[in-house]
There are 2 protein chains.
Amino acid sequence: MTGHKRLTQNDIAKLAGVSQATVSLVLNGAPTALARIPAETRERVQAVIQTTGYVADPIARRMAKGLNRILGVFTYEPAFPSAQADFFTPFLLGIEEEAQHQNYDLLLLTSAGVGNNRKIFSENNRLRIADGCLVLGREFDRKELARLVTEDYPFVAIGRRDDVGGPVPYVGGDYEAATRHLVEMAVSLGHSQLAYIGPEGPAESIVDRWRGFVSTLGEGGELALHVDAVNRPAGEILDGIVSSGATAAFFIELADAVRVEAAARERGLSVPQDFSMVVLGSHIRAGRSPVRFTSYDIPREEMGRQATAMLVNRIETASAGSQILLTCEPVEGETLGPCPSNPAKRAQ
Amino acid sequence: MTGHKRLTQNDIAKLAGVSQATVSLVLNGAPTALARIPAETRERVQAVIQTTGYVADPIARRMAKGLNRILGVFTYEPAFPSAQADFFTPFLLGIEEEAQHQNYDLLLLTSAGVGNNRKIFSENNRLRIADGCLVLGREFDRKELARLVTEDYPFVAIGRRDDVGGPVPYVGGDYEAATRHLVEMAVSLGHSQLAYIGPEGPAESIVDRWRGFVSTLGEGGELALHVDAVNRPAGEILDGIVSSGATAAFFIELADAVRVEAAARERGLSVPQDFSMVVLGSHIRAGRSPVRFTSYDIPREEMGRQATAMLVNRIETASAGSQILLTCEPVEGETLGPCPSNPAKRAQ
DNA sequence: GAAAACTGCTAATACGTATTAGCTGTTAAT
DNA sequence: ATTAACAGCTAATACGTATTAGCAGTTTTC
């Protein structure tokens, strides 16, 4: 079965009574070369191509020319499983859109890695199939990133990345500025005791939020509580907030915020009357919680689009790529209000 | 920039003091050939490969061997844009999972086509980059399908497809049986006047539902109403149902069902007390409506997995592929109840 | 009327790997 | 002592395209 007797340029050439080279030239010769092939011959070749339905083998094309019009997409976690789907889908949406626009195909590097541990440079690294690669994931392997940089492989990261022996080309969201903005808003609403609920891990996205958070402390606000373990019981976190005297709590994870809000409601506390809550980032799927949290919007689709465009530019002009941070617009929501006049009463 | 001085087997060969052929054999020679290379030499070559970080160029590999370990994924609509995302994501989830398991990468054929009109066989058809292809979409181009079949290109469709000059290998959901099951349930609950709200288009998925629906008519149930235009005003559809005397309405589109249920509620009618509603297929995103409709589950992930497995099998064994329909389990829901004893009263 | 320019093509080669046939030197069989 | 078998490699080629150098014949130039 599957007996592809694939047509080649040689077949076309014989049918048209020319050489393989002529067929190739007719298909995609430089204008100067084309000018030397009379219209009659060109039409004859084209006619054969039409009737046979010949299409050039992209693999052979890549062999000869070096380029492919394929963009690799490497995700450090599986892209689609539902837990991740909401995270990756908006990126992929933007990537696909821009790829289609630029007439590139996408190669999802899914096979790489042993077990669940995905690696870019695995034993059989398939990166080179693509002309370049987009890298995304919650947390990167810095050694791999460093290798991409030193090898000068054309790639673009989605999300800001620290230098690794050289600048990493990326398109990220400006979490630091957006976080700072929300803190300033809280302070201007009278809050001076702030809580930060989230980890301090090494990931850039976490670092940026923390930086944005602490950068304005001292100018009216101060840190009353820092819970760095996520997924603690909601009641415990709530207790911490209340007893610390914090009047505004900043959450890294929407999930934590949802749970704490529910716990507060259960205790008869209401947000933002009794205390304010802010989520540092987009609600990935807002529909799940009825509460519209004050937060900021991460322009994931746009990140995907711009990263793709940057990558294509890197490939086509052999340039080095740059570093772009996109603004994350604040989302007003309904969980940030003025500082309660008598916060102590909350404890009753 | 991007000065890849890509390592080749020739470089490795020189460094190890052997020939290019030996390097290739060390990497993936048949056992019989490998047996003739002493461990010492193999280790020497492996060592060079290790230290240099050489990886074979998959393109050249494909050139020489004909296979790639890449599966193409062709979608007739963009896969990710949010309207489609909920439709395609479960399929892709299954596909990605199985692809990773079988150690294949996925090539998303996004570039093909002119404007929004995607085509498999466009002027520069990139299908051949992959070893085979999965084809998905709400509606297929039968001519393209026929061409895939006659060219004996290894592909598998997701969703049942009619023969097109030959059997089409597919993994689909058994909508016909699942629909029949729901109709039988309604009949056994005393319903005899049934409404069908949905188109009759040429798409197989629509045909199958309609077949399942009509196949049991006459044996206790009969068609009281058939609204074939979708997206009509909900009130109008509701009027039709009520005035036709139908006591159970079957919907192709969840969206229509949601709207009609809302309209009914507004008029003081309740489901399933006043009339029953059934949706023929999975709620793609159940969360949006509070009502849990009686329907059946389309095992999209499993379809993706099995289609991928079938495709890999087709590729690796050069077999022809088969046709598989997966069972769609009924979802009980809360919108199918006994036939109201005095349906006329509903009109009041 | 010889050189130059141009026209219409083709031969040859590169791309990087897989694979087969086969070469050279050694050991085993008869 | 000759042949046969085998060990340890390598040369050569195929895969399908893109591209450059250049050939043979015709036309232009001065």
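Only residues that are at pLDDT 85 or above, over 28 Å from B:Tyr153 (Cα atoms) and more than 12 Å from DNA strand C (Cβ to nearest atom) were counted in region A:32-77, giving 1.
If you scan region B:165-222, which residues turn out to be in a loop (DSSP other than H, G, I, E, B) and closer than 24 Å to B:Leu148 by Cα? Spell out the reasoning first.
Start the filter on region B:165-222 by keeping residues that are in a loop (DSSP other than H, G, I, E, B), which leaves B:165-169, B:174, B:189-192, B:198-203, B:216, B:218-220.
Result: B:Gly165, B:Gly166, B:Pro167, B:Val168, B:Pro169, B:Asp174, B:Gly201, B:Pro202, B:Ala203.
Sort out which residues of region A:8-37 are more than 8 Å from DNA strand D (Cβ to nearest atom) and within 14 Å of another protein chain (Cβ to nearest Cβ), and write them in order of number. Residue satisfying the conditions is A:Val26 alone.
Applying a threshold of 7 Å to beta carbon distances and a minimum spacing of six or more residues, or different chains, the list of pairs starting in region B:315-339 at a residue that is within 14 Å of chain A (Cβ to nearest Cβ) and ending at one that is β-branched (Val, Ile, Thr) reads B:Ala318/A:Thr2; B:Gly321/B:Val156.
Are any of the residues in region A:184-198 open to solvent by 10 Å² or more (accessible area, probe 1.4 Å) and closer than 24 Å to A:Met303 by Cα? Within region A:184-198 (the criterion being open to solvent by 10 Å² or more (accessible area, probe 1.4 Å) and closer than 24 Å to A:Met303 by Cα), the answer is no, since none of the residues qualifies. Just to be sure I understand, how many residues within region B:241-259 are closer than 16 Å to B:Phe293 by Cα and outside any helix (DSSP H, G or I)? Matching residues across region B:241-259 total 7.
Let's see how each residue does on (1) touching a helix residue (DSSP H, G or I) at 6+ places or on another chain (Cβ under 6 Å); (2) not assigned by TED's automatic domain parsing to the domain that holds B:Arg314:
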position: B:Lys143; (1), (2): no, no
position: B:Ala146; (1), (2): no, no
position: B:Phe155; (1), (2): yes, no
position: B:Ile158; (1), (2): yes, no
position: B:Val164; (1), (2): yes, no
position: B:Pro169; (1), (2): no, no
position: B:His181; (1), (2): no, yes
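In the set B:Val164, B:Val156, B:Val168, only one residue is within 27 Å of A:Ile70 (Cα to Cα) and of a type outside the set (Asp, Glu); that residue is B:Val156. All conditions in (1) open to solvent by 10 Å² or more (accessible area, probe 1.4 Å); (2) without any contact (Cβ under 8 Å) to a residue 40 or more places away in the chain hold for B:Glu139, with the sole exception of (2). Total residues in region B:8-31 satisfying the condition of being within 7 Å of DNA strand C (Cβ to nearest atom) and either among the hydrophobic types (A, V, I, L, M, F, W, C) or surrounded by 15 or more Cβ atoms within 10 Å (Cβ to Cβ) (or both): the figure is 8.
Screening A:Val171 against (1) without any contact (Cβ under 8 Å) to a residue 12 or more places away in the chain; (2) open to solvent by less than 50 Å² (accessible area, probe 1.4 Å); (3) under 30 Å from A:Tyr104 (Cα atoms) leaves a single unmet condition, (1).
Within region B:59-83, track down each residue that is open to solvent by 20 Å² or more (accessible area, probe 1.4 Å) and either part of a loop (DSSP other than H, G, I, E, B) or at the interface with chain A (Cβ under 9 Å from one of its Cβ atoms) (or both). If the condition is that a residue be open to solvent by 20 Å² or more (accessible area, probe 1.4 Å) and either part of a loop (DSSP other than H, G, I, E, B) or at the interface with chain A (Cβ under 9 Å from one of its Cβ atoms) (or both), then B:Ala60, B:Arg62, B:Met63, B:Gly66, B:Leu67, B:Arg69, B:Tyr76, B:Glu77, B:Pro78, B:Pro81, B:Ser82 are the ones that fit. Within region B:99-139, the set of residues being more than 7 Å from chain A (Cβ to nearest Cβ), at pLDDT 85 or above and part of a loop (DSSP other than H, G, I, E, B) comprises B:Asp131, B:Gly137.
Just checking, how many residues over region A:151-163 are open to solvent by 20 Å² or more (accessible area, probe 1.4 Å) and closer than 26 Å to A:Ile129 by Cβ?
Going through region A:151-163 one residue at a time, the tally reaches 2.
Have a look at B:Val271, B:Val291, B:Val279, B:Val207 and point out the one that is under 16 Å from B:Val331 (Cβ atoms) and open to solvent by 20 Å² or more (accessible area, probe 1.4 Å).
Values: B:Val291 fails: open to solvent by 20 Å² or more (accessible area, probe 1.4 Å); B:Val279 fails: open to solvent by 20 Å² or more (accessible area, probe 1.4 Å); B:Val207 fails: under 16 Å from B:Val331 (Cβ atoms).
Exactly one residue qualifies, and that residue is B:Val271.
For region B:303-320, the criterion of a residue being closer than 24 Å to B:Gly190 by Cα and buried (at least 17 other Cβ atoms within 10 Å of the Cβ) is satisfied by no position.
Scanning region A:242-266 for residues that are within 32 Å of the chain's Cα centre (by Cα) and crowded, with 20+ Cβ neighbours inside 10 Å yields A:Ala248, A:Ala249, A:Phe250, A:Phe251, A:Ile252, A:Leu254, A:Asp256, A:Ala257, A:Val258, A:Arg259, A:Val260, A:Glu261. Close Cβ contacts (under 7 Å, 6 or more residues apart or on different chains) running from residues in region B:33-58 that are open to solvent by less than 30 Å² (accessible area, probe 1.4 Å) to residues that are of a type in the set (D, E, K, R) comprise B:Pro58/A:Arg126; B:Pro58/A:Arg128. Restricting attention to region A:7-21, the residues that are of a type in the set (Val, Ile, Thr) and farther than 22 Å from A:Ile59 by Cβ add up to 1.
The values are calculated or read from the model by the stated rules, or taken from the named source; none is laboratory data. Remember, predicted model here, so these are calculated numbers, not experimental data. With ideal geometry, Cβ positions are generated from the backbone for all residues, glycine too; neighbour counts draw on all protein chains shown. Remember, those area values only see protein heavy atoms, side chains included, never the ligands or the DNA or RNA. Shrake-Rupley method; radii C 1.70, N 1.55, O 1.52, S 1.80 Å.
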